[in-house]
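Here is the structure we will look at, set down as C-alpha cells.
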Amino acid sequence: NSNQNEELLAKVTQAWIENTVTWNNQPTFSYTDTIHIGTTNIGDDKPNINITSFVQSWVDTPANNFGMVMHLVDEPGTLGRFQSYASSDDADSTVHPKLVITFIPPCSNQLRCCSPMALTEKMLTLMT
C-alpha cells in the first residue's frame with residue numbers, strides 16, 4: 001500500500017505534560033481541522049509542513065493552544081507502518097525538528113509596517 005505511512009497533524013484539545021504523556025494517557029485531539037503531511041520513504045528528507053492555519057487559530061484564540069499531534073492517517077492496525085523523526089533531545093542536533101514562524105506585525109500609527117521576521121526557537125525564548 002503506497003499510503004501505508006501517510007500522516008497528518010491534528011490540534012490537541014486538552015492540556016498535557018510533556019514528561020508524563022504516554023500512548024495510554026495521550027491527550028485528545030480533533031479531526032475537524034487537520035493538516036495532511038503525506039507519505040515518505042526511508043532516506044527521504046523530512047517534509048516542510050505549512051502550519052499557518054494552526055498558528056493563526058492559536059493567535060486568534062490562545063486558550064485553545066494545546067499544541068498538535070502527528071500521527072498516521074490509518075493508525076489503528078498499523079503494525080509495521082511508521083515514520084521516523086528525531087526529537088529535540090537527540091544527540092545529533094542536525095536532525096532536531098525546527099519550527100520557523102514568520103510574523104508580520106499589523107500596521108498601526110504606533111508601529112511602522114515592516115517586512116516578515118523569521119523567529120527562531122531561541123529568539124522566541126529570549127522574548128518570553
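The values are calculated or read from the model by the stated rules, or taken from the named source; none is laboratory data. Keep in mind that what you see is a predicted model, and the values were worked out from it rather than measured. Cβ: placed from backbone, ideal geometry, glycine included. Neighbour counts: every protein chain shown. Ligands, DNA and RNA are stripped out before the accessible areas are found, and what is left, the full protein with its side chains, is counted by its heavy atoms. Shrake-Rupley method; radii C 1.70, N 1.55, O 1.52, S 1.80 Å.
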Quick one: accessible surface of residue 30, probe radius 1.4 Å, all protein chains present, in square angstrom to the nearest 10. 30
Residues with amide H under 5 Å from that of residue 101, placed H, sequence gap 5 or more: 119
Net charge of neighbours whose Cβ lies under 13 Å from the Cβ of residue 54, counting Lys and Arg as +1 and Asp and Glu as -1: -1
Using each residue's phi in the range 59-75, evaluate 6.51 cos²θ - 1.76 cosθ + 1.60 at θ = phi - 60° and report the 3J(HN,Hα) Karplus result to the nearest Hz, with x for Gly and Pro. 5, 5, 9, x, 5, 9, 8, 10, x, 9, 10, 10, 8, 5, 4, 10, 5
